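All remarks here apply to the structure that follows.
Read-outs throughout are calculated quantities, based only on the coordinates presented, and are distinct from any laboratory measurement. It should be emphasised that the depicted structure is a prediction, and the values quoted were computed from it without experimental measurement. Neighbour counts are summed over all protein chains in view; Cβ atoms, including those assigned to glycine, are modelled from backbone coordinates with ideal geometry.
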Amino acid sequence: MTTTGTNFALFYVDDSGSEAHGLTTFSWIRIDPAQWAGATQRWLRFRAAVFRRHGIPADIRLHATELAGGRGAWVKDPAGRTAGKGLNVIEECLTAIAALPGITLGSVYRRTNARGRNFERDKQDLYRCMIAKLDADLHEAAAFGAVVLDGDGTNGGYNRAHRALANGSRALIEDPFFRHANTSQWVQIADLAAWTGYRSLRPGGRRDKTTTWYGRVLRHLDGAGGPVEL
């Protein structure tokens, strides 16, 4: 893993997956803080272009699941909310993400037959394993980092995963920081990457182009070359 210019990395993390399909995943966007402002401005210029082309204001959350299903409030005119248009927006977003300066990304996953609370337990354990991996990678690069998650922090399992790291030598500092996706463009970017990583693991028909997007558009940002099973 390449050390950032500031020797510090921000990881914007989001989950995806499906209990029905026996798959839970997490993906992250890693951004060098020295590149954060420039990358943010570039993304906001893209959001302005999305508004011009599709009528989706920059203060409306881009949520991959809603876009793919033609649901949600991402277009003021309900007649404009279609699955086909939503998928086009996702593909444009991924192309824009692939060109952001100073970022890398990664995904991890676990296949499970668990249901209900047991599925949630597997998901939390996958998060714990991911955090241990990120911490070890930072150690190897002699760097430090922090994690930003969607939500309000009410799920204590995420905090416990960080506190399970060896406190005397942690490279990931603090518990995760929480930002609601409605107010964070970077958490939205992580959501789009997470959904795409998950879709790459789902079997799809010949016409399901979403299963190819991670490999075709985002793979060059992923040092592992694709989602890693943990």
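Observations on the model:
- Those residues of the stretch 9-27 which are out of contact with any Asp or Glu (no Cβ under 8 Å at 6 or more places or on another chain) and of a type in the set (Phe, Trp, Tyr), in sequence order: Phe11, Tyr12
- Residue in the stretch 133-145 that is outside any helix (DSSP H, G or I) and within 19 Å of the chain's Cα centre (by Cα) present: yes
- The residues of the stretch 109-134 that are surrounded by 15 or more Cβ atoms within 10 Å (Cβ to Cβ), closer than 10 Å to Gly22 by Cα and in contact with a strand residue (DSSP E or B) (Cβ under 8 Å, 6 or more places away or on another chain), listed by number, are Arg110, Thr112, Phe119.
- Only one of the numbered conditions (1) within 21 Å of Arg110 (Cα to Cα); (2) assigned to a helix (DSSP H, G or I); (3) under 17 Å from the mean Cα position of the chain (by Cα) is not met by Leu149, and that is (2).
- Count - residues of the stretch 201-230 that are in contact (Cβ under 8 Å) with a residue 60 or more places away in the chain and among the polar types (S, T, N, Q): 1
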